[in-house]
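The values are calculated or read from the model by the stated rules, or taken from the named source; none is laboratory data. Because the structure is predicted, anything quoted here is derived from the model rather than measured. Neighbour counts run over all protein chains shown; Cβ positions are idealised from the backbone, glycine included. These area figures cover heavy atoms from the full protein model, side chains too; ligands, DNA and RNA do not enter into them. Shrake-Rupley method; radii C 1.70, N 1.55, O 1.52, S 1.80 Å.
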Amino acid sequence: MDDRTDPDDLHTILSEQRRDLMAAKTLDSDLDMAFKLQMQEAMAASLALNPSLASSSSSRNSPPPSPPHDAILDLAATLMLEDVERFAQEWEDHERTVSEMMKTKEDLNRRIHDQKFAADLRDVPDDYWAKHGDYYERPYCADESSSSSSTKAAAVETENLRLYCKGLVSEERVRDMKVVVAGAGVAICDPRDNLIFEARKNLEAVADGVVLSNEAAELEAIIEGLNKALTLDLKSLTYYCDDYMLYQYVTNRVRPGNSKVATLVNQVALLQRKFEYCSPSLVARTDIKFALKVAREAIVSQITWRADSSNGKSLKETCVICFEETDVAEIFSIDGCLHRYCCSCMKQHVEVKFLNGMGAECPHEGCKNEVNIDSCAKFLAPKLVEAINQRIKESSIPVTDKVYCPNPRCSALMSKKDVLEYTKTTFVRAEQTGARRCMKCHYYFCINCKVPWHFNMTCYDYKRSHPYPHREDQLLNSLATKKLWRQCVKCNHMVELAEGCYHITCRYYSPLLHPI
């Protein structure tokens, strides 16, 4: 069918064909009914002339003879009518798809327009804004860059957009079976990396017994992204991938050895020629977070199923650690890699790692992605999240750079560098005098003496006027004497003597980690 066919003419033709076929079937049915009525009248007249035949006819109860009906012609008319109905339904689906795509194009154009306008507003000088701000506007017009035809969607404004593509192949578990699934994620962003469009596609992971390779999945994701861009009438874009060899393929620097990969690379090259400007670029995996998220959603959509629950139907997913069927709402997705596990298994994993002084990584084999503790608030107690964050903060500050607030009601841990920069904003000559201000309780103290700030007194004068330690220091010294604690010569922290000997072992300055 020609794409230039007038939709109104096509609807008229379909209606006429449907009407003619229905009329033909109705006429055939009417002729059949007329034949039956004529036969019944003839039989009634014959029985009236020969009464002896009436008893024998009633005893046999034989039905009247059927008319000479052409079954093939009737079947052909039925099939033709079904074809017309099917074509009409496909045309309606096509029109609905085109309508939705036109809406998507217009929405994309509007988003680009709004983001450009927002950037312009941000760059407007204050004096110009004070004079003309109340009248500064740029109305959006859907037809500003399109033809006058009402059947065409507004073309997207010419701009070098960013197309991020990601293909994933993953071995997952669905109930008691291991399955291989694949998905593609596409994300279109403006030059400032603001997301304006995203789409996903389920890929065929296994074909003819051959599992889809990661390179093939990545290329299929690029093909899907370029096709989406063409559908949206984009003219200029740069598409990004995070696979080095894939980048070598699409830039023709290396020829792929696999025939299927080579075919997909050729498809990418053919699609690139349909743009005014289209160029590949290699980026880190963290830069394609939008496409990675959508690709992972395509994977998840293939491994979930509906099951009965107390609240009706709910989506279920199998945790690959405990192999239990779990509600999707109770599945935790790790930021960065997006591997998914049930909250119960992740709770045990994170608690064990951090309570043993280690950082929690993704449980997936070979994955080194760190687990964000703030995102674990879904299954960890708030106090534990706070404690773990505090431990992470402590470990991130070098021992020689640590300082604690001397205020007994605060005792906040800070970096000497950070607390100095914070104090400089409110205290003149803070670096020369040694005065510091706590970043939490805003308490001034001396960085040298670890005591409240002694105004108009040097550290030497303060120590002479306060020869006796504070009550808290006395309690600490008493406890240190009782527990046989000593002061580390490197960091001045109290450490416990090893049992059975009097060697001092500081966990911050282990001889293995920091040889003297």
Ranked output for segments 223-230, 251-258 by mean other Cβ atoms within 10 Å, highest leading, reads 223-230, 251-258
Inter-part gap, Cα centre of region 264-285 to Cα centre of region 332-404, in whole angstrom, is 39 Å
Total charge of the residues flanking ILE373 in space, meaning their Cβ is under 15 Å from its Cβ, with Lys and Arg +1 and Asp and Glu -1, is -1
Cα pairs beyond 21 Å in region 343-440, in percent, come to 48 percent
Mean Cβ-within-10 Å packing, highest first, puts peptides 234-245, 396-407, 454-465 in the order 234-245, 396-407, 454-465
Taking every DSSP bridge whose two residues both lie in region 161-303, the antiparallel percent to the nearest 5 is 70 percent
Which residues qualify? For PHE197, with a placed amide H closer than 5 Å and at least 5 residues away or on another chain, they are ILE188
Once ASP374 and ASN456 are pulled to full extension, the length gained, defined as 0.36 nm per residue separation minus their Cα-Cα distance, is 25.1 nm
Counting sequence-distant residues (5 or more places) and residues on other chains, those with an amide H built under 5 Å from that of ASN369 are CYS362
If the chain between GLU421 and ALA118 were fully extended at 0.36 nm per residue, the gain over the current Cα-Cα distance would be 105.6 nm
Under 5 Å from the placed amide H of ARG173, counting only residues 5+ away or on other chains, we find VAL179
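Given a 1.4 angstrom probe, I'd like the percentage of the accessible area of region 197-332 that is carbon and sulfur, rounded to a whole number.
Details: 3320 of 7140 Å².
On region 197-332, the fraction of accessible area on carbon and sulfur atoms equals 46 percent.
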Expressed in angstrom, Rg and Dmax over the Cα atoms of region 320-396 are 12.2, 38
Set LYS178/LYS347; LYS131/LYS235; LYS347/LYS416; LYS368/LYS393; LYS116/LYS368; LYS166/LYS274, cut-off 29 Å on Cα-Cα distance; pairs above it are LYS131/LYS235; LYS347/LYS416; LYS116/LYS368
Here FRET efficiency (C-beta to C-beta, SER213 to TYR404, R₀ 60 Å, nearest 0.05) is 0.65
For region 320-396 the mean separation of alpha carbon contacts under 8 Å (6+ apart) over residue count, i.e. relative contact order in percent, is 22 percent
Nearest-0.05 FRET efficiency for LEU282 and ARG391 at R0 = 45 Å, using Cβ-Cβ distance, is 0.75
The Kirkwood hydrodynamic radius of region 198-332, taken as the inverse of the mean 1/r over all distinct Cα pairs, in Å, comes to 17.1 Å
